[in-house]
Amino acid sequence: MTREPPTAEPRDETRALRADIYRLLARLLRAPPDEALLAWLATLTPEGDGELARAWQGLAQAAAADAPDALARAHFRHLVGVIEGDVTPYASWYRNGALMDEALVALRRDLRRLGIARAEHSRDPEDHLAAELEAMALLVETAPREEAGFYRRHLAPWAAPCLADLAAVDTPFYARLGELGRAFLAEEARRLATTGSEAPVRFVTPPVP
């Protein structure tokens, strides 16, 4: 997802970290991690002992125990498939029971209003979970007044069940990714409902874009 440059919105540390996490989740849902990303994930050391910190730790442990070639096969099996994978990560599928349905039409209308366009290299419809997470990252950075509404309209109705299905797959890395996504979005839902007073999990070595 891409958006015209913002006019002038402050990008504080918490907002930057939230955008980075949205983009990281999107990156891992869209394609398998390469060797460098997998090695970096294995080094993450979250602070705290809450659900979100435990989810980060679980993903780090799974990253340390797997290899890129195995995860490439697992990604195809779980999220792509010959016809469809174990999980079909599209809003229309979860909300309407079919691909390219009403949820996609409503999303495209909202994206046009917000000035967000699909990246030229992407072949996926805009209601892929990765694309919606990328859109949230852009809104966190450039249009904070739009965050809560977009989340409520386009992610809240279906993202948690989709990530729960991912958390049930038999590859530990992708199961942990599903758990992390659920925990992060649950925190985001609380944040957006209470004017953003909570801070995301911090790391001994903070994430990089």
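When you filter the GluC sites (Glu not before Pro) in the range 70-137 for DSSP loop state and at most 16 other Cβ atoms inside 10 Å of their Cβ, you are left with E84, E120. Note on L37 and D101: the extension gain reaches 19.7 nm, defined as 0.36 nm multiplied by sequence separation minus the Cα-Cα distance. Considering only T171, T88, T194, the mean-square fluctuation computed in a Gaussian network model of the chain, springs between alpha carbons under 10 angstrom, is largest for T194.
For the chain, averaging the sequence separation of C-alpha pairs within contact (under 8 Å, six or more residues apart) and dividing by the residue count gives a relative contact order of 33 percent. The A16 and D170 beta-carbon pair, evaluated with R₀ = 30 Å, returns a calculated FRET efficiency of approximately 0.30. Note on the chain: helix-only mean residue ellipticity at 222 nm, from DSSP H runs of 4+ residues weighted -39500 (n - 2.57) and normalised by residue number, equals -17500 deg cm²/dmol. Which whole number in µm²/s is D for the chain by Stokes-Einstein, with the Kirkwood Rh taken over Cα pairs at 20 °C and 1.002 mPa s? In µm²/s, the coefficient rounds to 123.
Across the range 159-167, rounded Karplus estimates of 3J(HN,Hα) from the backbone phi angles (6.51 cos²θ - 1.76 cosθ + 1.60, θ = phi - 60°) give 5, 5, x, 4, 5, 5, 5, 5, 5 Hz, Gly and Pro being marked x.
The range 86-100 and the range 121-157 have their alpha-carbon centroids 16 Å apart.
Just so you know, all these numbers are worked out from the coordinates, no wet-lab data involved. Given the structure is predicted, the values throughout are model-derived calculations rather than measurements. Using ideal geometry, Cβ is built from the backbone for each residue, glycine included, and neighbour counts are taken over all protein chains shown.
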